[in-house]
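One structure is given here, and the rest of the page talks about it.
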Amino acid sequence: MPSLRYLYTGEQKKLGAPRKYDGKVDCHDLSRLNFVKDLKPGVSLYTLIAWSCCLNCPICLVCISEVQAKGKIKNALLFSTDIHLPPEQILEYYQARFQIEFIFRDAKQFTGLSDCQARHLPRLDFHFNASLIALNLAKHELSSCHSSAKSFVFSMASYKRLEFNKHLLSTFIDKLDLDPDLILNHPNLPSVLSYGTLAG
């Protein structure tokens, strides 16, 4: 449990230093948190602006309280240092974090996100944008090959394998003097090109 403090909002004394805190945050006691809404039956969303002793700044705390079997309550804590963010948006960001991690993983492994040796901010900005744009273009091209966007699961490793298979097949056609029309119009061409890719 992180060290959090309630911010004091009461009347200050005329003498002495102003009071900043009003005790340690107890996330098992939701009475001092602000109710936002019910996400679904048995799951409620609460929020609170609290002071983080670790970060030494105020944070927007979001608590997801779920009533489990036998009446046991499970609380999950999320937070943002941007205290002006709505709690619903903080929750949305956390729900999307896995997809964000996939983007950075693929960019590091396949499009050189971490390979830049520049130190100037404009050059770093250009490099990061170029890496992520290359990833988005690959995703767009691969998604156009799928008839259903809902069932499409992007894999940069599969895209790399697909492009390698295309290049290898083109090399075979060129070096072995094969008829390209016969091969490129063959009904089994998609299965040959997708050899070694992930199912999706």
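Values quoted throughout were computed directly from the atomic coordinates according to the rules given, and no laboratory measurement underlies them. Model, not experiment: these values are computed from the prediction. Glycine gets a Cβ as well: all are built from the backbone with ideal geometry, and neighbour counts include every protein chain shown.
Details
- Computed over the chain: relative contact order in percent, which uses C-alpha pairs under 8 Å that are six or more apart: 11
- Long-range amide H partners of Ile49 with built H, under 5 Å: Leu61
- Site-free segments of the chain were taken between trypsin sites (Lys or Arg not before Pro) in DSSP loops having at most 15 other Cβ atoms within 10 Å, sites themselves excluded; the longest one is 21-71.
- D_trans [Stokes-Einstein, Kirkwood Rh over alpha-carbon pairs] for the chain, 37 °C, 0.692 mPa s, µm² s⁻¹: 148
- Taking Asp177, Asp115, Asp26 in turn, the Gaussian network model of the chain (Cα-Cα springs below 10 Å) assigns the largest fluctuation to Asp177.
- For the chain, size of Cβ-based charge dipole, Lys and Arg +1, Asp and Glu -1, in debye: 1120
- Expected 222 nm ellipticity per residue - DSSP helices of 4 or more, -39500 (n - 2.57), all of the chain, to 500: -12000 deg cm²/dmol
- Anchor Lys139: aspartates and glutamates whose Cα lies under 15 Å away (excluding residues fewer than 8 positions away in-chain): Asp106, Glu163
- Contact order for segment 49-100, expressed relative to its length and based on alpha carbon pairs under 8 Å spaced 6+ residues apart, stands at 30 percent.
- Binned Cα-Cα distances of segment 101-143, short to long, each 10 Å bin given as a whole percent: 30, 53, 15, 2
- Cα-Cα over 19 Å, subset of Lys108/Lys166; Lys20/Lys74; Lys40/Lys74; Lys24/Lys72: Lys108/Lys166; Lys20/Lys74; Lys24/Lys72
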